[in-house]
Amino acid sequence: MENHPWQKRAKDAGLTQRALAKLLGRPEMTISRQLRGHWQSGIPKHVIAAIVAWDLMSEDQRKEWQRQMDDVPSSKE
């Protein structure tokens, strides 16, 4: 991750782009572009909300969120 503000906040909270992509069901490259403000509309609010939520969660809550998302079938299945 580079040092764009939301990239830094995610990294500081221990949230990788790969993990964020998996939680949000989006390709990692899409998340990378969103965090860098690649689009003129800026960073999507759902991405910001996920980073804020992750930062507020305890380790157990984070693991539970990841576990539940692992149980969700991908749209490719």
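Residue under question is LYS63, and the condition is that it be within 12 Å of the chain's Cα centre (by Cα), surrounded by 11 or more Cβ atoms within 10 Å (Cβ to Cβ) and part of a helix (DSSP H, G or I); does it hold?
On the way: within 12 Å of the chain's Cα centre (by Cα): no; surrounded by 11 or more Cβ atoms within 10 Å (Cβ to Cβ): yes; part of a helix (DSSP H, G or I): yes.
When the stated conditions are applied, LYS63 does not pass them.
In the range 20-47, how many residues are in a helix (DSSP H, G or I) and open to solvent by 40 Å² or more (accessible area, probe 1.4 Å)? Lay out the reasoning, then the answer.
So in the range 20-47, the residues in a helix (DSSP H, G or I) come out as 20-24, 28-35, 45-47.
Retained after the next criterion (residues that are open to solvent by 40 Å² or more (accessible area, probe 1.4 Å)): 22, 24, 28-29, 33, 45-46.
Number of matching residues: 7.
The values are calculated or read from the model by the stated rules, or taken from the named source; none is laboratory data. Keep in mind that what you see is a predicted model, and the values were worked out from it rather than measured. Because the Cβ atoms are built from the backbone with ideal geometry, glycine has one as well, and the counts that use them run over all protein chains shown. These area figures cover heavy atoms from the full protein model, side chains too; ligands, DNA and RNA do not enter into them. Shrake-Rupley method; radii C 1.70, N 1.55, O 1.52, S 1.80 Å.
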